[in-house]
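Chemist: Here's a structure for you.
Every read-out reported here was derived from the displayed coordinates using simple, explicitly stated rules and does not represent laboratory data. Just so it is clear, the structure is predicted and the values come from calculations on it, not from any experiment. All Cβ positions, even for glycine, are placed from backbone atoms using ideal geometry, and neighbour counts span all protein chains on display.
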Amino acid sequence: MPTILITGGHSGIGLECSRQLASFYGLNLVLGGRSLERMEPVAQELRTKYGVKVSTIKLDTSSLASVRAAAAQCRNMLDNGEIDSLQGIICNAGVRLNGPVSYTSDGYEEAFATNYLGHFLLVELLFDRVSDQGRIVYTASGTHDPDTVDGRMLGIAAEYDAIGLANIGKDGKKPPNAAKLYATSKLCMILYAYELDRRLRKSGSTIASIAYDPGLTSGTGFLRAMPKPMQRLSDSSFMNWVLKRTGVTMGSVDFSGKALAKITADSTYAKGSGKYFQSNDGKLIETRSSKLSYDEKRALKLWNDTKTLVHLKPNEEPAELRRR
């Protein structure tokens, strides 16, 4: 049975996605997350209820060493038959921080490393094991687009390149706030998804690379990182009404999770590579992302700088993904 690897598939939108992939599509799963103790009860629930194989891998996307170890474990599990063919990778785990800039064990700004760098490395290290017709899906955010209400709420740090974003705050200058760093990390995910699609099409690959915005969703890690008054307000029906009226892209754990599963596994989205889908008020739509996200020169520089940041070795970059 085909298998989907999902980061952050044991909570929030990711958990609903995992349930849908198991129940409706009958797919086996590999859950990747920082805590095996938190993932195992979810894995057991999925096995018991839906009769699918569910494995867990310790995977912290903020740590390059953890990503490398997880990718190696996944390859070993494929080699020894512990998991079946890898049909897709969902880069779903993410973090939105508050307060002063914090850094990972690699010395990189935490949100940028967690949301973007770790997923880049994971895909590079496992790409050659993804089956034909497979899909790589990135959970992005509408906050990356400064021309929308979502984007105007946070803003982006568009003046920084990948090297600057990874090392932000180390030059003594005042760094952008945490909200901007979050939104910018999501912009990088979309730039990467589109550059990956371009390379896949040039190589003749049948693998798809898709970006997805689940919308503003209460009960997720994004809102849990906000101040308590904002969390309480966001859960109220009145605030939801206000946000919809002002044009904010609204999702829900249930619908947004099911939509993520649909993009990953449903035949309807087999030709979705290079596209941007959005969950908004109970509808899954194809739309345009920000103007900046289609900047091919910026995407190429991001790709090359990222390879440097994650210390990608020449023999680790799949032939299909090399620039031609």
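Chemist: For a footprinting-style exposure proxy, rank Phe24, Phe112 by other Cβ within 10 Å, fewest first.
Modeler: Taking fewest neighbouring Cβ atoms as first place, the list is Phe24, Phe112.
Chemist: Then there is this: Among the lysines, which have Cα under 16 Å from the Cα of Lys258 when same-chain residues fewer than 8 positions away are ignored?
Modeler: Within the straight-line cut-off, Lys258 pairs with Lys283.
Chemist: Report the residue, chosen from Gly51, Gly33, Gly94, that carries the largest GNM mean-square fluctuation when the chain is represented by alpha-carbon nodes joined by springs under 10 Å.
Modeler: Maximum among the listed residues: Gly51.
Chemist: Further question: Once fully extended, how much extra length lies between Ala270 and Glu82, figured as 0.36 nm per residue of separation less the alpha-carbon to alpha-carbon distance?
Modeler: Length gained between Ala270 and Glu82: 65.0 nm.
Chemist: Take peptides 133-141, 102-110 and line them up by average Cβ neighbours within 10 Å, highest first, as a rough protection proxy.
Modeler: Details: 133-141: 24.4, 102-110: 17.3.
Taking the mean over residues of other Cβ atoms within 10 Å, the ranking is 133-141, 102-110.
Chemist: Related question: For region 99-197, rounded, prolate or oblate, judged on the Cα gyration tensor with a ≥ b ≥ c (square roots of eigenvalues), a/c < 1.5 rounded, else prolate if a/b > b/c? Intermediate results must be reported in sequence, preceding the final value.
Modeler: Numbers: a/c = 2.64, a/b = 1.43, b/c = 1.84.
Oblate.
Chemist: Modelled label-to-label distance, Ile163 and Ser131, 7 Å Cα→beta-carbon offset: nm?
Modeler: 4.2
Chemist: Can you sort Val101, Val149 from fewest to most other Cβ atoms within 10 Å of each residue's own Cβ? Spell out each step's value before the answer.
Modeler: Values: Val101 17, Val149 14.
Ascending number of Cβ neighbours within 10 Å: Val149, Val101.
Chemist: In a Gaussian network model over the chain where Cα atoms closer than 10 Å are linked, find which of Arg129, Arg38, Arg68 has the largest mean-square fluctuation.
Modeler: It is Arg38.
Chemist: I'd like the FRET efficiency for Lys291 and Met153, computed as 1/(1 + (r/R0)^6) with the beta carbon distance as r and R0 of 22 Å, rounded to 0.05. Could the numbers behind the result be given before it?
Modeler: Values: r = 18 Å, r/R0 = 0.82.
For Lys291 and Met153, the calculated efficiency is 0.75.
Chemist: Which entries in the list Lys291/Lys313; Lys186/Lys275; Lys202/Lys297; Lys49/Lys186 go over 22 Å, if you measure between the two C-alpha atoms of each?
Modeler: Lys291/Lys313; Lys49/Lys186
Chemist: Run the simple label-point estimate for Lys301 and Arg75 please: 7 Å along Cα→C-beta, distance reported in nm.
Modeler: The modelled label-to-label distance comes out at 3.2 nm.
Chemist: Another question, then. Name the shape class, rounded, prolate or oblate, that the alpha-carbon gyration tensor gives for the chain, where a ≥ b ≥ c are the square roots of its eigenvalues, rounded holds for a/c under 1.5, and otherwise prolate holds if a/b is larger than b/c and oblate otherwise.
Modeler: Details: a/c = 1.38, a/b = 1.11, b/c = 1.25.
Rounded, because the longest to shortest axis ratio a/c is under 1.5.
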